[in-house]
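The values are calculated or read from the model by the stated rules, or taken from the named source; none is laboratory data. The structure presented is a predicted model; accordingly, all values stated were derived computationally and were not measured. FYI the Cβ positions are ideal-geometry reconstructions off the backbone, even for glycines, and counts take in every protein chain you see. Accessible surface areas use protein heavy atoms only, side chains included; no ligands, DNA or RNA. Shrake-Rupley method; radii C 1.70, N 1.55, O 1.52, S 1.80 Å.
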Amino acid sequence: NVSTKQLEMEIIPSLISYATRFLSGKNSGGQDYNFYLDANEEESKLMLPLLSTLDVAIQKLLNDFPENPVLLQILQIKDRILLFPVGCPLSRCVTGMELVLGACQEWEKNAHRGVSIQSLMDSISNLILRWRKLELSNWKSILDHTLAGLRKSTMSDYTLQLLDVVFEKHSGGKRIELVRTVIQFAESATIADFSARLDILQACLTFLHLAGEDDRKWLVAAR
């Protein structure tokens with residue numbers, strides 16, 4: 001067997017390699033965009049001219065229908081949207097525009113042709129549809145990012161813990177206990193973290209090899 005100092009010198013580079021691999025993540029650039037969390041100023045600014053046009057139309061209607069509760073509600077929702085911070089996610093903007101559209105639909109139920117705002121509603125609907133399509137197109141990226149986060153969490157939570165169990169064999173003959181522990185570790189995996197757990201087992205094999213563990217076949221059998 002190698003000395004403790006030599007073993008530490010050989011294991012440290014491997015630890016660094018695994019840490020770099022699993023903590024760096026796979027996503028980069030635009031793939032990191034999250035529809036529900038990140039700002040998208042290029043898209044969110046598209047609602048401003050619509051809200052401005054809506055404001056003019058509703059103010060004009062209020063001249064003919066003073067204090068109309070539906071019209072006042074439309075303006076209230078519009079004003080709240082305009083108070084959104086610049087960095088708010090697009091998911092919040094689309095929710096706000098859907099509320100505006102809902103309020104407009106209430107007005108349109110009883111509106112005759114002369115006071116209809118259907119054309120404005122169509123424009124709002126088109127913008128909402130555009131953003132919902134963007135949301136759907138972003139799902140794969142969000143899923144990849146979420147899985148990468150789960151992978152990091154699994155590596156952080158279990159790597160050293162399992163290594164401690166594996167190297168515990170040095171203190172006595174606990175091969176059966178080790179095999180059972182490793183099998184349980186693999187079988188308790190979820191679809192999201194199964195690959196990361198296999199990589200942890202591979203890391204343990206690598207460390208056993210560096211440590212000169214002749215009976216590492218027990219861990220291989222458990223896999």
Next item on the list: Give a residue-ordered list of calculated ³J(HN,Hα) values for the range 40-57 (Karplus: 6.51 cos²θ - 1.76 cosθ + 1.60, θ = phi - 60°; whole Hz; x for Gly, Pro).
Entry: 9, 4, 4, 7, 4, 5, 5, 7, 4, x, 5, 5, 5, 5, 5, 4, 4, 5
Notebook entry, point to check: Leaving out ligands, DNA and RNA, what percent of the accessible area of the range 127-205 is carbon and sulfur, probe 1.4 Å?
Noted result: 60 percent
Item checked: FRET E, pair Leu150, Thr206, Förster distance 25 Å, beta-carbon r, rounded to 0.05 -> 0.65
Note to self: Using the basic label-point model (7 angstrom from Cα toward the beta carbon), what is the Ser141 to Ile176 distance in nanometres?
What the structure shows: 5.4 nm
Notebook entry, point to check: For the charge dipole of the range 90-158, defined by +1 on Lys and Arg C-beta atoms and -1 on Asp and Glu C-beta atoms about the Cα centroid, which residue among Ser123, His145, Gln105 has the Cα displaced farthest towards the positive pole?
Noted result: His145
Notebook entry, point to check: Quick one: accessible area per residue over the range 24-125, 1.4 Å probe, rounded to a whole number of Å²?
Noted result: 58 Å²
Next item on the list: Round to a whole angstrom and tell me the spacing of the C-alpha centers of the range 30-73 and the range 139-190.
Entry: 49 Å
Notebook entry, point to check: Karplus couplings for the range 125-130 from phi (6.51 cos²θ - 1.76 cosθ + 1.60, θ = phi - 60°), rounded to Hz, Gly and Pro as x?
Noted result: 4, 5, 5, 4, 4, 4
Checklist line | Distance histogram in 10 Å bins (all Cα pairs of the range 92-182, percent per bin) | finding: 13, 22, 15, 12, 11, 11, 9, 5, 1
Note to self: At 0.36 nm per residue, and after removing the present C-alpha to C-alpha distance, how many nm does the segment from Asp55 to Arg92 gain when stretched out fully?
What the structure shows: 11.3 nm
Notebook entry, point to check: Want the number for Ser188 to Phe84: 0.36 nm per residue separation, take away the alpha-carbon distance, what's left?
Noted result: 33.1 nm
Item checked: Peptide ranges 83-89, 129-135 listed from the most packed, as the mean C-beta count within 10 angstrom indicates -> 129-135, 83-89
